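The values are calculated or read from the model by the stated rules, or taken from the named source; none is laboratory data. Computed from a prediction, not measured in an experiment: that's the story for all the values here. Cβ placement follows ideal geometry from the backbone for every residue including glycine, while neighbour counts extend to all protein chains displayed. Please note that ligands, DNA and RNA were not included when accessible areas were found on the heavy atoms of the full protein model with its side chains. Shrake-Rupley method; radii C 1.70, N 1.55, O 1.52, S 1.80 Å.
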Amino acid sequence: MPISSLPLDDDTNRNLIGQSFEGIDTPAVVVDLDVVEANVRRFQAYCDDHGLGLRPHIKTHKIPEFAALQMTAGAVGINCQKIGEAEVMADAGLSDILITFNILGPAKLARLRRLAERCALTVTADNETVVAGLAATMAGAGQPLDILVECDTGAGRCGVQSPEAALDLARRIAAFPALRFRGLMTYPKAGAARAAADWLAKAKALCEADGLPCPVVSSGGTPDMWGAGDLGTVTEYRAGTYFYNDRSLIARKVCAVADCALTVLATVVSRPTAGRAIIDAGSKALTSDLLGLEGYGFIPSLPKASIYALSEEHGFVDLRDDADRPAVGDKIRIIPNHACVVSNLVERVYAIRDGKVVDILRVQARGRSQ
Ligand SMILES: Cc1ncc(COP(=O)(O)O)c(C=O)c1O
C-alpha cells in the first residue's frame, strides 16, 4: 500500500495514525483498505480469467495512489473523464490514460496536446467538430493521437446514433494523419450490456469490412460488470464504482454491505426528539444524489434508520422506533448512495485497516472538472 501523499500538516492528523477511526474529526471520509483491495483483486481476477483488459475509471476515488494500486493489480491503463483528472494522474506517473469525453475549445486542446506528449493517451469523440479540433491540435506531433468513436448504445448520453454513423466517423478520423482510429467505446445503460455489445459488434464488423481495424472495443459500468466476460466483442472494461462500492450497488445486488469500502463518518449533534437524530453530515458530505433510492445513505449500525432529509450541513435521521441510541456525541458510519460524488467533496480520505487509521490520502483530482 502506498505511503501517504498528504503532509500530516497538523498534530490532530499526525496523532491519528495507529489510532481508532473513532478519533477522526467529522464529517470525514473513511476508506477500509482491506475491502478496497478485495474489491480490486476480485474484479481483476474476473477480467484476467475472461481475457478482458480492465481499465478502471478513477473518477470514483480521484487518488493517484489508488490508481497505482489498480495498475499493480493488473489493469491495462486508467480511464479519466476530464483533462484535469488525467493531468493529475500523469503527474503521478500513470502512463496509459483514456479520456472518455469530447474535448473542445482552445484551452483544453492545448492541454491535451501537452498531455499526449507525456503519456499514452486515447480520447473519445462522437462528432466531426471534436475530431477536427483534435486533428488540428495534434498536427505535427511526433505520433498520432489514438481515438475511439463513442457510441450511444442506448444510454442516451453522448455517442453516434448507429453503427453506420460509427463507421462514418471512423473514416473521418482515419483520414487525418494526426489521428489514429483505434476502435469503439460505449457507456451502456445499466442492465443493457448485452444489447450494447451487439450494437458494437455490428459497428466493428462495418469498420473492419471497410479496412479499418478496431483493436479496442471498450464498454463499462459496475452494475453489469459480472457479465462483462460474456460480451464477446468487448476487449476492455471500464469500471469505477467497484473500487469502493456504495448503497446504489447494494440496492442493485451487485455487492453486499461488507463490500462497501467508503463510509462517511458523522457525529450525532442533536437528538431533538425520541425518534430523530441530527448528524453533522448534510448534502456537502453525503451529496444529494438519490440514484432512485429513498433516503441519503445506509447506516449499518442502525439498519432500520433512514436519512430522510439533508440540508447543507445537517443530516436528518429517522430512527424509526423510539431509540435510546445513538446519543449526542456518538459517531456513526454511513454508506453513501453514490461514492464517486462523495470523493469529489473531500480534500482527504482516512485509510483504515481493522478499524485503525493507517494512512491519510489526498484526493488530488477532486474538483478537477475542467
Ligand atoms: C464513460 C464512463 N465509463 C465508465 C464509467 C464507470 O462506471 P461505474 O462507476 O458504474 O463503474 C463511467 C461512470 O460514470 C463513465 O461515465
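Set side by side, the residues Pro177, Pro163 differ, and just one is surrounded by fewer than 18 Cβ atoms within 10 Å (Cβ to Cβ), in the same structural domain as Thr153 (by TED's automatic domain parsing) and at pLDDT 95 or above, which is Pro177.
For the residues Asp230, Asp246, the requirement of being more than 14 Å from the ligand (Cβ to nearest atom) and acidic (Asp, Glu) singles out Asp230.
From the list Val30, Val36, Val40, Val88, the lone residue that is touching a Phe, Trp or Tyr at 6+ places or on another chain (Cβ under 6 Å) and aliphatic (A, V, I, L, M) is Val30.
For segment 187-215, the candidate set comprises residues that are buried (at least 20 other Cβ atoms within 10 Å of the Cβ) and more than 20 Å from Tyr242 (Cβ to Cβ); within that set, the residue that is farthest from the ligand (Cβ to nearest atom) is Cys207.
Looking at segment 129-152, which of its residues are more than 12 Å from Leu179 (Cβ to Cβ) and at pLDDT 95 or above?
As a first pass, look at segment 129-152 and keep what is more than 12 Å from Leu179 (Cβ to Cβ): 129, 140, 142, 150-152.
Result: Thr129, Gly140, Glu150, Cys151, Asp152.
Each residue in segment 316-341 was checked for being among the charged types (D, E, K, R) and within 16 Å of the ligand (Cβ to nearest atom), and 0 of them qualify. Could you tell me which residue of segment 79-93 is farthest from the ligand (Cβ to nearest atom), considering only residues that are under 19 Å from Ser218 (Cα atoms) and open to solvent by 10 Å² or more (accessible area, probe 1.4 Å)? This residue is Lys82.
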